Structure formats: C-alpha cells, structure tokens
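Notes to accompany the following structure.
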Amino acid sequence: MRRVTDNVYAECYFTGCNPSYLVTSEGVVMFDTPQQPIDAVRWRERLQEHGPIRYLINTEPHIDHISGNAYFPGVEVIGQAGIQPRYEQSIPQMISPERLELLKQNDPDSVWLFNHPDYPPNPPTRTFTDELTLHLGNHTIQCTHLPGHTAPQTAIYLPEEGVLITGDNIFQRTKTWLQECDPWEWLDALRVIETYDTAAIIPGHGEVCDYRYVQEQRQVVENWIGAVEEFVRRGLTEEEALQQPAPAADPYPLGQRLHHLTDRVNAMNVSNLYKRIIARQEAARSN
C-alpha cells in the first residue's frame, strides 16, 4: 500500500491494475478494483476502516480494472458511458471456466470467492459522457473522458490533493499495451494530462510518478507508431509484420505478474497499430 498524500492511497503490487482510493470526511471514494477476488475482499476491508465506501469509479473497461467490482456490493459504480456496455460484454469472461482454472493454478485462495452468489456482477449504474464532478465532504472528484488506451478511458483529478489518476493512459516503467488504442488520441490525452496541476500521478500500472514521466510515456507510444509505420512502408502485410522480431519500441517489461504475456502483447500491439495506420493512410488518400 502506498500513501500518496494525506488522504490518497494506491496499491501498485497487486496482479492487474493499480486500484486507489480517497478518504474524505464523509466516506471513501475508490478508483478501479483489484483483479483477484481475494485481493478485492481484503481491499474492501481496508477501505472500510476509513469509513463507508460511497463511490466506485472505473477508469476503463478492461477486466483487471472492473472484475473486482463484484466484491463491492451496494456501492454506486460510476464510469464513462462507454464503459457500461463493455462491462456487460465482459461478464462471460469474468465468470468463465477458463478464468476459474487460472485461479486454481495461480491464486487458489481466490477460488472460493469466484462467481460467489453474494458477489454478482456490478457494472456502472451512473454514467457520464464528457465530464462529471462529484463533491464529498471537503473534496472534489473531477472525472474527465480522455480516450487513449481505450475509447472510454477516464482520468480522475483530485484538486485538493494534487493527484491525477490516469488509469492505463500511463504505464510507469512497465510495458505499454496498445492492443485496442487509437494511438493519436492517446498522444492527445497525454498532452491534456500534462496540463493538470499535480504533485502525483497514479498510473494504471507501475509506480506512482509525476508529470515528468508523461514525456517518456509519449515517447513509447510514438516509438510504437514509428515501428509499425516502418513495417507498412516496407510493404509488409499484417501477417508478415507479425512475423518480424518484436519492435524495440518499449524498454520496459510487463509488470504485475503478467510477464508471461509478453509475446502476446507485442503481437496485439502490432496488429492493432497496423490496421489503424493502414486505415489512416486510406482516409488521407480519399480526402
């Protein structure tokens, strides 16, 4: 557990994303949830030591950010409008036999909590399109839609604490996943992130950082774009591009117990960027 400020805490060492929370005079606001069921239940107990959990805000629709929602029954869940349908689409994967088998192998303490009747799926029930501002106690919680890593990606700014929660628009010194992003939107989002008055950034993965890391994240995204643009320039098909050595676009390894997925992530990154670069070129020619 990392105490980021007097009232903001984050966990950077769970399997999956970095969940975090804000303690106010009227209760707790949490941001994303632990992926593993046993971590989620323990996390809930820790948060309740500070008071009732009033809101849960999801920054994106990937399972490592939302699957733990189930273990916070009765808490109002908030997300950008695009997160809600993605949550519903992910339910079969979250309760799949394949996920159960992985828990049996890698996290047996979580097995008894898997698909437990007391913890049904818990999707966002309150949504916003562009921005949503909440007030709780003496704190302001500003949610802003910043598409990048995913289309419904959300940043959460806590002005009284000087903290920005970016979700996976920032991977701090861990391998960047670009498997579904629009990379040019992501670069735009990073420019917005740099405008916030922050003392600390809580990224989706990796250690807590500050605004100085944004330039490094931008460089990684630009490196990936450039590497795949070079495949296209050479006239490679997507299948041929996927047979090339992985681009040296990102100096960092996968973090948080995900290192075994490195080859898969590289392939997904190449495939997504290849399609988007081709589509962008075709759109430019048609104009």
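About the Cα centre of the chain, how large is the charge dipole given +1 on each Lys and Arg Cβ and -1 on each Asp and Glu Cβ? Please answer in debye to the nearest 20.
Approximately 260 debye in magnitude.
At what distance in angstrom do the alpha carbon centres of segment 183-241 and segment 7-22 lie from each other?
22
Based on the Cβ-Cβ distance from residue 259 to residue 2, what FRET efficiency comes out when R0 is 22 Å, to the nearest 0.05?
Efficiency, rounded to the nearest 0.05: 0.55.
Students often check this: by mean Cβ neighbours within 10 Å, which of 85-92, 148-155 ranks highest, and how do the rest follow?
148-155, 85-92
Between segment 30-86 and segment 111-181, what's the alpha-carbon centroid distance in Å?
9
Can you give the Rg to Rh ratio for the chain, taking only C-alpha atoms and Rh from Kirkwood?
0.97
Work from the charge dipole of segment 149-281 (Cβ charges, +1 for Lys and Arg, -1 for Asp and Glu, about the Cα centre) and give the residue of 255, 201, 151 farthest towards its positive end.
255
Need one word for segment 1-150: rounded, prolate or oblate. Basis is the Cα gyration tensor (sqrt eigenvalues a ≥ b ≥ c); a/c below 1.5 gives rounded, then a/b vs b/c decides.
Here segment 1-150 falls in the oblate category.
To test your reading of the geometry: what angle, between 0 and 90 degrees and rounded to tens, separates the Cα axis of helix 262-286 from the longest principal axis of the chain?
With both axes taken from Cα atoms, the answer is about 60 degrees.
Placing +1 at every Lys and Arg Cβ and -1 at every Asp and Glu Cβ, with all other atoms neutral, what dipole size does segment 110-183 have around its Cα centre, in debye to the nearest 20?
The dipole of segment 110-183 has a size of about 200 debye.
Sort 194-200, 175-181, 16-22 by the packing proxy (mean of other Cβ within 10 Å over each peptide's residues), most packed first.
In descending order of packing, they fall as 16-22, 175-181, 194-200.
Report the charge-dipole magnitude of segment 132-287 in Debye, nearest 20, computed about the Cα centre from +1 at each Lys and Arg Cβ and -1 at each Asp and Glu Cβ.
Here the size comes out at about 260 debye.
How would you classify segment 219-286 from its alpha-carbon gyration tensor, with a ≥ b ≥ c the square roots of the eigenvalues: rounded for a/c under 1.5, else prolate if a/b is greater than b/c, otherwise oblate? Please list the in-between numbers first.
On the way: a/c = 2.29, a/b = 1.91, b/c = 1.20.
Prolate, since a/c reaches 1.5 and a/b exceeds b/c.
Compute the helix-to-body angle for 183-193: its Cα long axis versus the longest principal axis of the chain, expressed 0 to 90° and rounded to tens.
Tilt of helix 183-193: around 50 degrees.
Based on the alpha-carbon gyration tensor of segment 109-209, what equivalent-ellipsoid semi-axes (square roots of 5 times the eigenvalues) come out, in whole Å, largest first?
Values: eigenvalues 122, 78, 47 Å².
Those come to 25, 20, 15 Å.
Please order 260, 116, 62 by the number of other Cβ within 10 Å, starting at the fewest. Intermediate values should be presented prior to the final figure.
Values: 260 8, 116 12, 62 25.
The order, fewest Cβ neighbours first, is 260, 116, 62.
Compare the Cα positions of 171, 114, 51 along the charge dipole of segment 2-212 (+1 at Cβ of Lys, Arg; -1 at Cβ of Asp, Glu; about the Cα centre) and return the one farthest towards the positive end.
Going by the charge dipole, the pick is 114.
Quick one: compute the contact order of the chain, relative version, from alpha carbon pairs under 8 angstrom and 6+ residues apart, as a percent.
Relative contact order for the chain comes out at 15 percent.
Where a number appears in this text, it was derived from the coordinates with a stated rule and is not lab data. Values in this document were obtained by computation on a predicted structure and should not be read as measured data. All Cβ positions, glycine included, derive from the backbone under ideal geometry; neighbour counts span all protein chains shown.
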